[in-house]
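See below for the structure under consideration.
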Amino acid sequence: MTNNVGSTPSSTPSRSDAPSHIYYFDVGAGTWHGEFTFRVTSWDRFRNTAGIGLLNRALVVAMALTQRLTGAARLESTIVANPSAGAFGVADNVVRISKFGVTLYLMKERYVLAPDGRGVTVEANEQYTPVPRILARKFTYPAEIRPSGMESVYHLPVLGSPWTATYQVAADRQSLMGELVCDWAKATETARRVS
């Protein structure tokens, strides 16, 4: 019999019970469809925030006007899991936001999972408009999966401002709700797994 007095448990969870594996591999893998909304919550703060830039300001006005005139946009997301890739697993996600069949926004993301089972580095390729390489950029940002494996928080730089995105998976593991906020705007995502 081994005496474990004074020993410390490993700080690295097993892959199967790691919150990030639950979130991306057990729950997230598959295709999700839903709706995306966007609205400016304070035009004064939007106007007075430095560093947004003219191009981002034009995109914000166009997005707000489009949503006001035509309502919520269609959201499609497909997550492909690769638990054995990298140090602790990788998942790839393609997010498409469209209206009347026209792509308004396309994001290709790679989630690189940290060995602590919660941290994530997101490598993103973002494109506004349906025209390839126009209004496109690459960037990296951090995320964290909550201990339950059913909630996440992302800290991403979008439209010239820092945003915080929080997602909550429903108890049935078939739907999720997300809220993205910055100092001057709010977006929401609701989605249901279709495959």
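Reported count of residues in the range 91-115, each being of a type in the set (Phe, Trp, Tyr) and either closer than 19 Å to THR31 by Cβ or open to solvent by less than 60 Å² (accessible area, probe 1.4 Å) (or both), is 2. When the residues of the range 175-195 are filtered to those that are among the acidic types (Asp, Glu) and open to solvent by 50 Å² or more (accessible area, probe 1.4 Å), the one that is nearest to the chain's Cα centre (by Cα) is GLU179. If you filter the range 121-145 down to residues that are out of contact with any Ser or Thr (no Cβ under 7 Å at 6 or more places or on another chain) and in a loop (DSSP other than H, G, I, E, B), you find that the one that is surrounded by the fewest Cβ atoms within 10 Å (Cβ to Cβ) is ARG133. If the condition is being more than 20 Å from TYR111 (Cα to Cα), open to solvent by 20 Å² or more (accessible area, probe 1.4 Å) and of a type in the set (S, T, N, Q), then the range 153-174 contributes only GLN174. The residue list THR103, THR78, THR164 contains one member that is assigned to a strand (DSSP E or B) and at pLDDT below 95, which is THR103. Looking only at residues that are in a strand (DSSP E or B) and either modelled with pLDDT under 95 or not charged (D, E, K, R) (or both) in the range 146-161, which one is nearest to PHE25 (Cα to Cα)? Among those that are in a strand (DSSP E or B) and either modelled with pLDDT under 95 or not charged (D, E, K, R) (or both), it is SER152. Cβ-Cβ distance below 8 Å, separation of 6 or more or different chains: which pairs start in the range 159-172 with a residue that is in contact (Cβ under 8 Å) with a residue 40 or more places away in the chain and end on one that is assigned to a strand (DSSP E or B) and of a type in the set (Ser, Thr, Tyr)? Between residues of the range 159-172 that are in contact (Cβ under 8 Å) with a residue 40 or more places away in the chain and residues that are assigned to a strand (DSSP E or B) and of a type in the set (Ser, Thr, Tyr), the close pairs are VAL169/SER175. Taken over the range 43-90, the criterion of being polar (S, T, N, Q) and surrounded by fewer than 14 Cβ atoms within 10 Å (Cβ to Cβ) is satisfied by ASN48, THR70, SER84. Among the residues of the range 65-92, those that are farther than 24 Å from TRP32 by Cα and aliphatic (A, V, I, L, M) comprise LEU65, LEU69, ALA87.
Against the numbered list (1) in contact (Cβ under 8 Å) with a residue 40 or more places away in the chain; (2) open to solvent by less than 70 Å² (accessible area, probe 1.4 Å), ARG118 comes up short only at (2).
The values are calculated or read from the model by the stated rules, or taken from the named source; none is laboratory data. All figures in this text were calculated on a predicted structure; none of them were measured in a lab. Don't worry about glycine lacking a Cβ; one is built from the backbone with ideal geometry, like all the others, and counts go over all protein chains shown. Each accessible area value is taken on the protein alone, full model and side chains, heavy atoms only, with ligands, DNA and RNA left out. Shrake-Rupley method; radii C 1.70, N 1.55, O 1.52, S 1.80 Å.
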